[in-house]
Amino acid sequence: MKRLLLIAFILPLAVAAQKPIKPSLPKAEKALRDGAFDEAKAIIDATVASEKFATSAKAWYLKGLIYAGIDTTKNQQYKSLVDNPFTEAKAAFDKATELDKGKSASFINDATGFPMLTDQVNAYFAQNYFDKALKAYQDEKDYAGALQHVEETLYFIPGDTSVLLNAGLFFAPAADAHEKTLEFLRKYIEKGGQSTDAYVMMFGVYRDQLKDNEKALAIAKEAMAAHPGNSEFPKYELDMYIKMGKLPEAKEAMEKQAANDPTDHETRYFLGVINQQLGNNAEARKWYDESVKLDPKYLEPRLAIAELVHLEAKKIKAEMNQLGISADDKKKRFELDKQLVEKLKVALPYWEACEKISPDDERVLDNLYSIYQDLDMQPQMARIEKKMKSLGLWD
């Protein structure tokens, strides 16, 4: 009992004997340089809480450095010192900026006493936070955490186009943060970024994720204006016009594109597609022919031409299939069959030309087999059948 009373008496004396931590910027700074984050934190907390240093920009800046250091240090013993070190660091840095009003280029010195520029410090912490982002993204597959660390990185270097681009192309999309993707890439473009990938991603987010066709179309137009030599962006514009049922607008846009580039075979093909969808097959054929003339090995317009030529034969065949078994029907079928043979003979060379360009194309082989069958060309049928079996297209 006496021993317990003695302990109870000694403990208050021990507590009372502890010296309070005195505010000191030099000591906090030295502890930070030594990597003693527990000591640095205790001193800086006491410092900014004191009346003398409460309005000191350097004190608050130093607190930001210490808390950011705790957040990024690899020494695990200091990780539990603060629950949300970045939040505390950011608040301290912001307070320092508010008090300083942007006057100071440097608040602290390095170990040799030479001033460390704020931009140098920012670059240092940005790299540390970006390393955390990469680890979370690549090693841990923690995409939400990786995105958070990228945003922390950008706090220190908000205008860095490289980080903004990576944030918009990889980190935000991986976390399904579509609005963040757009925010990063828009800022990237505003800061002078020139990568066409930024527009490609923004277009995809609006079209496929947010289902906002109007904004997707606006991005396509913006991309075309920013990169007039890019041959893909006019296709994005065309894609949106077609999706939105704005074929006349699509036709007008493609005609301008074709006029601006007399060697653009793809735009001429798309003009053929648009005119065909508008029901103007003659105009479509004209554009398909121009496309093939510019690029004889371009398969898509050749397929389109073959389909247009073959269309007449298919109409006749469909009409024959509707006939019955009466004498008049038999007579008409005989007459139509002669017309069918002539039309098929006209269409056949177009499909054979397609086969020379793309001998394994299923669309080509299907149509060739159908024509050979209707014309009773047995050897050619056997050849196509063998080819389709070798490609796994025939059961």
With Rg and the Kirkwood Rh both taken from Cα atoms, where does Rg over Rh land for the range 309-393? 1.05
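Rounded to whole Å and sorted largest first, what semi-axes of the equivalent ellipsoid does the C-alpha gyration tensor of the range 230-358 yield via the square root of 5 times each eigenvalue? Don't skip to the end; give the middle numbers.
On the way: eigenvalues 252, 61, 20 Å².
Ellipsoid semi-axes (Å, largest first): 36, 18, 10.
Calculated FRET efficiency, Asn109 and Gln76, Cβ-Cβ r, R0 25 Å, to nearest 0.05? Working shown, then result.
On the way: r = 28 Å, r/R0 = 1.14.
The calculated FRET efficiency here is 0.30.
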Out of Leu134, Asn213, Leu375, whose Cα points farthest toward the positive end of the dipole of the chain (charges: +1 Lys, Arg; -1 Asp, Glu; placed on Cβ)? Leu134
If exposed GluC sites (Glu not before Pro) are those in a DSSP loop with at most 13 other Cβ within 10 Å, what is the longest stretch of the chain that has none? 141-395
Just the accessible area for Met201, please: 1.4 Å probe, Å², rounded to the nearest 10? 50 Å²
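Under the 0.36 nm per residue contour assumption, what length would be gained going from the current alpha-carbon distance of Glu385 and Asn280 to full extension?
34.3 nm is the gain from fully extending Glu385 to Asn280.
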Over the alpha carbons of the range 105-184, what is the largest minus smallest coordinate on each principal axis, giving the biggest first in Å? 46, 25, 15
Report the residue, chosen from Ser326, Ser50, Ser231, that carries the largest GNM mean-square fluctuation when the chain is represented by alpha-carbon nodes joined by springs under 10 Å. Ser326
Once the convex hull of the alpha carbons of the range 351-395 is built, what does its volume come to per residue, in cubic angstrom? 64 Å³
Within a Gaussian network of the chain (alpha carbon springs, distance under 10 Å), most fluctuating of Lys63, Lys256, Lys332: Lys332
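If you filter the range 175-246 for trypsin sites (Lys or Arg not before Pro), then keep DSSP loop positions with at most 16 other Cβ within 10 Å, what is left? Each step should come with its number before you reach the end.
Working: sites: Lys180, Arg186, Lys187, Lys191, Arg207, Lys211, Lys215, Lys221, Lys235, Lys243, Lys246; in loops: Lys191, Lys211, Lys246.
In loop regions of the range 175-246 (DSSP not H, G, I, E or B), the sparsely surrounded trypsin sites (Lys or Arg not before Pro) are Lys191, Lys211, Lys246.
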With all protein chains modelled, accessible area of Thr196 [1.4 Å, Å²]: 40 Å²
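So if R0 is 35 Å, what FRET efficiency would Glu252 and Ser358 give, r being the distance between their Cβ atoms, rounded to the nearest 0.05? If you can, show how the numbers build up before the last one.
Working: r = 32 Å, r/R0 = 0.90.
Efficiency for this residue pair is about 0.65.
The values are calculated or read from the model by the stated rules, or taken from the named source; none is laboratory data. These numbers come from a predicted model, not from an experiment. Virtual Cβ from ideal backbone geometry, glycine too; neighbours counted across all protein chains shown. The area values use the complete protein model at the heavy-atom level, side chains included, leaving out ligands, DNA and RNA. Shrake-Rupley method; radii C 1.70, N 1.55, O 1.52, S 1.80 Å.
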